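Asker: The following block contains the structure, expressed as structure tokens.
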Amino acid sequence: ENLNSVLDDNKLLTLPNGERLSIPPNVRIMFEVQDLRFATLATVSRCGMVWFSEDVLSMDMVFENFLSKLRNIPIDEGEEEARQRLGTSDTSTTQSDTISPSMQVQRDCADLLAPHFTSDGLVVRSLEYAQTLDHIMDFTRLRALNSLFSMLHQLVRNILNYNQTHPDFPLESDVIEQYVPRYLIYCVIWCFSGDGKMKYREDLGDFIRSTTTIPLPSGNIPIIDYE
């Protein structure tokens, strides 16, 4: 009921203590929700709706969007300010002709990840297998993939942080080529089965071990125990 008063023409937010706050006219409110399971008719009637079915967004479209952003948009907001402070941006050269070391790392990571995001790649096969497991939370494709994308951003940050703290000897390309796919497996296990029992995480790890060509530790120790 408090939310409905915000969505009315008077735009009044009523706090639990009874205090009322007026929302300025230049403020717009937007909600992004998985579904309308807990929304009342009164709330729905006050909102404009833009609905996308999961069938509309194919896996290839989701993957292409993620990889494109990773190649072209800095994952950290402060990178542009850092480039200006360090004087690495050359005004006499177009942006397409120069690329920062951080952006180069992002593009290298995107190139290494791309083969695993194909229709028969590791991510798709693991996602299909994870859907057969029991989960504590409602398992949806987009929620699992969004978690995966967030952890892969951390993968890039790990490399960038290492290079920044070791400017004299940053990570070599061959080390990054070994690190990226293995970290991807770590992310897949936690994002696709992290809300399940330990047994299901081990089952997903065994499935990945049996299907991937990425070098993994030998032995009976579950992959989930490695980082």
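Asker: Of E177, E19, E128, which is the most mobile in a GNM of the chain whose springs link Cα atoms less than 10 angstrom apart?
Answerer: Its mean-square fluctuation being the largest, the pick is E19.
Asker: Full-extension gain between T98 and Q131, please, as 0.36 nm times their residue separation minus the C-alpha to C-alpha distance. It would help to have the intermediate numbers written out before the result.
Answerer: Values: separation 33, 0.36 × 33 = 11.88 nm, distance 4.29 nm.
Between T98 and Q131, full extension yields 7.6 nm more.
Asker: Describe numerically, in nm with one decimal, the distance between label points set 7 Å from Cα along Cα→Cβ at N72 and at R182.
Answerer: Here the modelled spin labels are 3.3 nm apart.
Asker: Moving to a separate point now. Let's test the formula: R0 of 22 Å, r as the Cβ-Cβ distance of A114 and S218. What FRET efficiency results, to the nearest 0.05? Numbers along the way, then the final one.
Answerer: Working: r = 27 Å, r/R0 = 1.24.
The computed FRET efficiency comes out at 0.20.
Asker: Considering only G196, G48, G121, give the residue with the highest GNM mean-square fluctuation for the chain, with springs between Cα atoms whenever their separation is below 10 Å.
Answerer: Of G196, G48, G121, the most mobile in the Gaussian network model is G48.
Asker: Can you give me the % of accessible surface on the chain that is carbon or sulfur? Probe 1.4 Å, all protein chains present, nothing else counted. It would help to have the intermediate numbers written out before the result.
Answerer: Working: 7940 of 14960 Å².
Percent of accessible area from carbon and sulfur atoms in the chain: 53.
Asker: Pick from V123, V175, V50 the residue whose mean-square fluctuation is largest in a GNM of the chain, springs joining Cα atoms under 10 Å.
Answerer: V50
Asker: With a sphere of radius 14 Å drawn around the Cβ of E202, what net charge do the other residues whose Cβ falls strictly inside it have (Lys, Arg +1; Asp, Glu -1)? Write down the numbers at each step before the final one.
Answerer: On the way: positive: K197, K199, R201, R209; negative: D134, D203, D206, D225.
After counting each charged neighbour, the total is 0.
Asker: What is the distance in Å between the Cα centroid of segment 118-155 and that of segment 32-57?
Answerer: Each part reduced to its Cα centre gives a spacing of 23 Å.
Asker: If you take the Cα Rg of segment 107-227 and divide it by 2.2 N^0.38 Å, with N the number of residues, what do you get? The partial results should precede the final answer.
Answerer: Values: Rg = 14.8 Å, N = 121, 2.2 N^0.38 = 13.6 Å.
Compactness ratio reported: 1.09.
Asker: How big is the accessible area of E202 in square angstrom, nearest 10, if you roll a 1.4 angstrom probe over the protein chains?
Answerer: Surface accessible to solvent at E202 totals approximately 60 Å².
The values are calculated or read from the model by the stated rules, or taken from the named source; none is laboratory data. Just so it is clear, the model here is predicted, and its values are computed rather than measured. Neighbour counts run over all protein chains shown; Cβ positions are idealised from the backbone, glycine included. Areas reflect the complete protein model, heavy atoms only, side chains present, ligands, DNA and RNA absent. Shrake-Rupley method; radii C 1.70, N 1.55, O 1.52, S 1.80 Å.
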